[in-house]
Amino acid sequence: MNGVWDPEHAKLLYHEMLRIRRFEERCVELYSATKIRGFLHLYIGEEAVAVGTMQALGPDDAVVATYREHGHALARGVGPDSIMAEMFGKVEGCSRGRGGSMHLFDVGAGFYGGNAIVGGGLPIAVGLALADQMEGRARVTACFFGEGAVAEGEFHECLNLAALWNLPVLFCCENNLYAMGTALERSESETDVALKAATYEMPAWSVDGMDVLAVETAARRAADAIRGGGGPHFLEFRTYRFRAHSMYDPELYRDKAEVELWKTRDPLDLLRARLEEAGAVDAAWLHSVDGEVEDEIDAAVEFAESGTFEPVEELTRFVYTEVPS
């Protein structure tokens, strides 16, 4: 694993990745029990990308994510209670129960979605960065998207404009090799996504997305350069999702042996092994942190269960902006 080794910081990163893993595993159970409905896209296997990148961002920075965004929201500081209530469709959720799994939003945390359209967050991120530039705000906007977005027109439009206007955007491509069920090599003639981004005259490089320390190192380098006026940067995180595209996906497009091979590079296992090798953790600590995370998720589920559904008479609320009196 790469990056400066700090055992205490590494333990924090492990805890954050474990929170995401256990939260999503619980979501699978709740979905099977029909407590969570609609689409559900799991981030299991990709936790290192969100957790590592968030270490490079400050509280005033902005984050724009995809529909596979539970991990990003948790790592950004959106509360598990608020997220779980949203998954349950309750008013206490971060989007008042109107968005569900794919539309988590919390302006207080600087988290601007949760966007269900492939590549849909890219123009929003560029718009946020342009507004910051025009207002003179020293802020970085981190935009997460999958490699499937590379086939969308807004990918090229947004990279071009960001480079042309020298906007403070950190483009974070989570390349998990499959855009829904289509392998990258079946849709793109050039499969080196970082190389493709570099043609827009911005610094771009690939990163081991299963190594949380390597992710953090790359994200800090890029974010620091952006803050220094270096313009947009592009990181291609080479990662892999261990679960299907969504809960409705029969997953017939990839071989089970491939999935098992990638699981040998599970980001939690890699970091845990490093911590154990350094003598920084033992079985008691691992058991304790797992119990702490489980308790937090139990509380989030209880909060969501006890929440309220929006009254029917308020269904048309927010069609128009509410101006404070």
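Arrange the residues 290, 211, 224 by how much accessible surface each exposes, largest first, with a 1.4 angstrom probe.
Most to least solvent-accessible, the answer reads 224, 290, 211.
Beta carbons within 10 angstrom, averaged per residue: use that to sort the peptides 233-240, 117-124, highest first.
233-240, 117-124
Place the peptides 27-34, 194-201 in order of packing, highest mean first, counting for every residue the other Cβ atoms within 10 Å and averaging per peptide.
Those peptides, ordered most packed to least, come out 194-201, 27-34.
Quantify, in whole percent, the carbon and sulfur part of the accessible surface of the chain (1.4 Å probe; protein heavy atoms only).
The C+S portion of the solvent-accessible surface of the chain is 54 percent.
Cα atoms only: what Rg and Dmax, in Å, come out for the stretch 255-298?
13.6, 37
What is the Å³ per residue value for the convex hull set by the Cα atoms of the stretch 170-287?
Normalising the Cα hull of the stretch 170-287 by residue number yields 143 Å³.
Could you rank the peptides 263-271, 155-163, 172-180 by their average count of other C-beta atoms within 10 Å per residue, with the highest value first?
My ranking of the peptides, most packed first, is 172-180, 155-163, 263-271.
Do me a favour and compute the ellipsoid semi-axes for the stretch 84-191 from its Cα gyration tensor, root of five times each eigenvalue, largest one first, whole Å.
Semi-axes from the Cα gyration tensor: 25, 22, 9 Å.
Measure of size requested: the Rg and Dmax of the chain, with Cα atoms as the atom set and Å as the unit; please supply both.
Final numbers for Rg and Dmax: 19.4, 60 Å.
Scale the Cα Rg of the stretch 1-112 by the rule-of-thumb value 2.2 N^0.38 Å and send over the ratio, two decimals.
Normalised by 2.2 N^0.38 Å, the Cα Rg of the stretch 1-112 equals 1.07.
Rounded to the nearest 0.05, what FRET efficiency is calculated for residue 183 and residue 15 with R0 set to 35 Å and r the Cβ-Cβ distance?
Computed FRET efficiency for residue 183 and residue 15 comes out at 0.55.
Keeping all protein chains in place, calculate the accessible area per residue for the stretch 1-155 (probe 1.4 angstrom), answer in Å².
33
What whole-number value in Å² describes the accessible area per residue of the stretch 206-325 for a 1.4 Å probe?
Counting only protein heavy atoms, the per-residue value for the stretch 206-325 is 57 Å².
Lysines near residue 263 by alpha-carbon distance under 22 Å, same-chain residues fewer than 8 away left out - which ones?
11
The values are calculated or read from the model by the stated rules, or taken from the named source; none is laboratory data. Quick caveat: nothing in here was measured; it's all calculated off a predicted structure. Using ideal geometry, Cβ is built from the backbone for each residue, glycine included, and neighbour counts are taken over all protein chains shown. Please note that ligands, DNA and RNA were not included when accessible areas were found on the heavy atoms of the full protein model with its side chains. Shrake-Rupley method; radii C 1.70, N 1.55, O 1.52, S 1.80 Å.
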